[in-house]
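Undergrad: Structure below; questions to follow.
The values are calculated or read from the model by the stated rules, or taken from the named source; none is laboratory data. Being a predicted model, the structure only gives us computed values, none of them experimental. Virtual Cβ from ideal backbone geometry, glycine too; neighbours counted across all protein chains shown. Heads up: the accessible areas ignore ligands, DNA and RNA and are worked out on the full protein's heavy atoms, side chains in. Shrake-Rupley method; radii C 1.70, N 1.55, O 1.52, S 1.80 Å.
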Amino acid sequence: MNIAKNKVVKMHYSVMDKDQNSIDSSFDNDPLEMIIGSGFLIPGLEKALLDKTIGDKFTVEVAAIDGYGERHEGLMQAVPMSMFEGIDVEIGMQFRATTDQGEQSVTVIEIQGDDVVIDGNHPLSGIDLTFDVEVLEVRDATEEELQHGHVHGAGGCGHDHGHDHHEHDENCNH
């Protein structure tokens, strides 16, 4: 079975930046499992997976624009340290912030006296990535998985994704 929209894919992956620095890998952990077309993967990786099948191993280079996007200087700003009352703020800390566009993750990138410079860009934005991938399993997503937008394991999905109990059947215990 070839990978296509609404197929569940189980895969191992490793990802590196252009200088061959390892960013993440599943090879020593549990494989990644997702529904193709659900928006879970970055576009460049999802496109590279299309038409692959069980057992395929490949390397794909994903440009920043097809990964986590380009960096936007407008997503960086200085805010008063007083907004972090009671918190010992350090560079690298991440917070959820309410913006005009809704909730967003921000990272502290600099402390300038009484101001904290935060960055709303994804930490991997602006970075070209290289993925090594091994496809372990491809199957049709169930109707329930498609409705919920995520994969359910054999013993239930095991995660609270904010669904009401009446939305799930006995295979998704929450």
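Undergrad: Where in the range 1-88 are the strands (runs of 3 or more DSSP E), entirely inside, with at least 1 residues that are in contact with a Gly (Cβ under 6 Å, 6 or more places away or on another chain)? If you could, list the steps in order and put the result at the bottom.
TA: On the way: elements: 7-17, 22-25, 32-35, 57-62, 76-80.
Counting at least 1 such residues, we get 57-62.
Undergrad: Write out, first by first residue and then by second, each pair whose Cβ atoms fall under 6 Å of each other, whose residues are 6+ apart or on separate chains, and whose first residue, in the range 14-42, is without any contact (Cβ under 8 Å) to a residue 60 or more places away in the chain while the second is open to solvent by 50 Å² or more (accessible area, probe 1.4 Å).
TA: That search, which allows pairs on different chains as well, returns Ile36/Lys5; Gly37/Lys5; Gly37/Asn6.
Undergrad: Just give me the residues in the range 1-40 being open to solvent by 20 Å² or more (accessible area, probe 1.4 Å) and of a type in the set (A, V, I, L, M, F, W, C), in sequence order.
TA: Applying the first criterion (open to solvent by 20 Å² or more (accessible area, probe 1.4 Å)) to the range 1-40 yields 1-2, 4-7, 10, 12-14, 16-25, 27-33, 37-40.
Passing the criteria: Met1, Ala4, Met16, Ile23, Phe27, Leu32, Phe40.
Undergrad: For the range 47-75, enumerate the residues that are closer than 21 Å to Asn121 by Cα, acidic (Asp, Glu) and open to solvent by less than 80 Å² (accessible area, probe 1.4 Å).
TA: Matches in the range 47-75: Asp66 only.
Undergrad: Go through the range 76-92 and give me each residue that's touching a Ser or Thr at 6+ places or on another chain (Cβ under 9 Å) and open to solvent by 60 Å² or more (accessible area, probe 1.4 Å). Please lay out each step first, then the result.
TA: Taking the range 76-92 and keeping what is touching a Ser or Thr at 6+ places or on another chain (Cβ under 9 Å), we get 91-92.
Passing the criteria: only Ile91.
Undergrad: Just wondering, is there one or more residues in the range 136-149 that are at pLDDT below 90, under 30 Å from Ala48 (Cα atoms) and open to solvent by less than 80 Å² (accessible area, probe 1.4 Å)? Lay out the reasoning, then the answer.
TA: At the first step, the residues of the range 136-149 found to be at pLDDT below 90 are 149.
Narrowing the set further to residues that are under 30 Å from Ala48 (Cα atoms) leaves 149.
This time we only want the ones that are open to solvent by less than 80 Å² (accessible area, probe 1.4 Å), so: 149.
So far as the range 136-149 goes, yes, one or more of its residues are at pLDDT below 90, under 30 Å from Ala48 (Cα atoms) and open to solvent by less than 80 Å² (accessible area, probe 1.4 Å).
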